[in-house]
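One structure is given here, and the rest of the page talks about it.
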Amino acid sequence: MQAIALASGDGLAGPDAPRARKEATVVLSFVLNSMIEYDPKLRVRKPIMKVPAFVSEIVCYEPGQQTATHHHPVQDELWVVLEGHGEIWVGEERLPVEPTSMIYIPAGVRHGLAASPDSRLVLLFIKSPGIPEAATFGVGNAAAAPVGNTPPVSGQKLRVEVTDVQAEARDVVHVELRAPGGGELPPFEPGAHLAIDLPNGMIRHYSLANDWRERDRYVVGVARAAQGRGGSLFVHQALRRGMTLTINPPRNGFALDTSASSYLFLAGGIGITPILAMIRWCAANHRPWRLAYAVRSAQRAAFLETLAGLGGGSVHLHADDREARVFDPGPWLAGTPPGEQVYCCGPAPMMAAVKAAASHRDARTVHFEYFAAPADEQQARQASAKAFTIELRRSARSLDVPADKTILDILEKNGIPVVTSCREGTCRTCETVVCEGEVEHRDYCLTPQEQENGHTMMVCVSRAKGERLVLDL
Ligand code: FES
């Protein structure tokens, strides 16, 4: 296999650089066969070129090795299979790949891949743009500064400025964030959320409410939770226009199925935030939608004016105090037409009621976004927990996890760093790649398909089904 590139010699990267023959001042030739190398412990990645236009790498997998589900907020990606067989997943789709398969992954789309259990796999990756995001998202060691209007970055994070904080309803504010000095932000899809590092040291996750086509700002809704852990109180009491925050690029664990014939949205309280972004998409794409929006009192209903301006659907506002009862989702779910997708986001009791009322439906048509884990479910699960062992592949350590401890407890006790936020399985911050073993998923953020795949787990809550798990730590 030989690749010839027109480039500056400065773009050559990686340990195999000397093997490339410089045939003229701007022509580089690579013998890719000579770069193929396997490691039974982990896939082998070798950078080929890093230039402003693109990054390219060769990646070699032993049978069964994989790249966990991830996405690149601003990079499009092209995968070319050079040797072997495997499987890729793009969103919920799974596709077999074989030599000469070429796969295009647009920026922002979640994807991953695995070599077949009986085949090695060699891929050529080409990602564009090259150096700016390579520096942002840890591909290779590119050290270029952000260019043009790309927002300033630090590691995997972005710096943004608070450009607006306004009351939307009683105890609800919307917060607008922009790149300092203007410019484009990484794209997002309806249902996505941001992880925000608050100046009080907390990481908090907030759903995006604005139009997914806006590239110059993010808008999140934040409800004041007096009994919460302090994140929303900080936002309400101390966050001001002009402050600079650090955020993670948007992630989406509540993606909208854009192929549905119609949509039923069930929102409770601040759960309206991701639902609003979804309704914006429906209105823009002329898809019929219905919204039942439940709040404790009408004064707490946020974004009502915006909702009223979005065509193609209807809004039913349920205020507990006005109707002297809590919202009953039963009638809404009893007659949902085939082809309709249901999306629900709200407090735990409402989610439980929707789950029960939708039990007759195909589970693939009902989607939930949790912002707190249901306490009773967690307690019931804890009672049945068993002890098991974790093996940490990269650290070459083996640790016991007693029945009354989580994997996260044990990792922290043994000084193994894991980034966390919610610590109750709702935010996806502690997602960890599983190399071997079956997982008993106890999270509220992976999709049913992702849980079934078992490629990753939330170590703050999930456990082993058997006696042993091997983790990529
Ligand atoms: S820390 Fe939020 S899912 Fe584990």
Checklist entry - Among Lys157/Lys465; Lys46/Lys405; Lys46/Lys157; Lys127/Lys405, which pairs are too far apart, with a Cα-Cα distance over 32 Å? => result Lys157/Lys465; Lys46/Lys405; Lys127/Lys405
Next on the checklist: Per-residue counts of other Cβ atoms within 10 Å, averaged by peptide: what ranking do you get for 282-288, 327-333, 383-389, 456-462, highest first?
Outcome noted: 456-462, 327-333, 282-288, 383-389
Checklist entry - Farthest toward the dipole's positive end in the range 384-471, which of Val419, Thr456, Cys445, given Cβ charges of +1 (Lys, Arg) and -1 (Asp, Glu) about the Cα centre? => result Val419
Checklist outcome for this item: Taking the range 153-251, the equivalent ellipsoid from its C-alpha gyration tensor has semi-axes in Å, biggest first, of 20, 15, 13
Checklist outcome for this item: Quick note on Asp39, Asp197, ordering by fewest other C-beta atoms within 10 Å, gives Asp39, Asp197
Checklist outcome for this item: Ordered by fewest other Cβ atoms within 10 Å, a rough proxy for footprinting exposure, Val173, Val55 read Val173, Val55
Checklist outcome for this item: Taking a straight Cα-to-Cα line shorter than 19 Å from Lys413, and setting aside same-chain aspartates and glutamates fewer than 8 residues away, one finds Glu391, Asp400, Asp404, Glu424, Glu431, Asp472
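Throughout, read-outs are computed from the coordinates displayed, never taken from laboratory work. Just so it is clear, the structure is predicted and the values come from calculations on it, not from any experiment. Don't worry about glycine lacking a Cβ; one is built from the backbone with ideal geometry, like all the others, and counts go over all protein chains shown.
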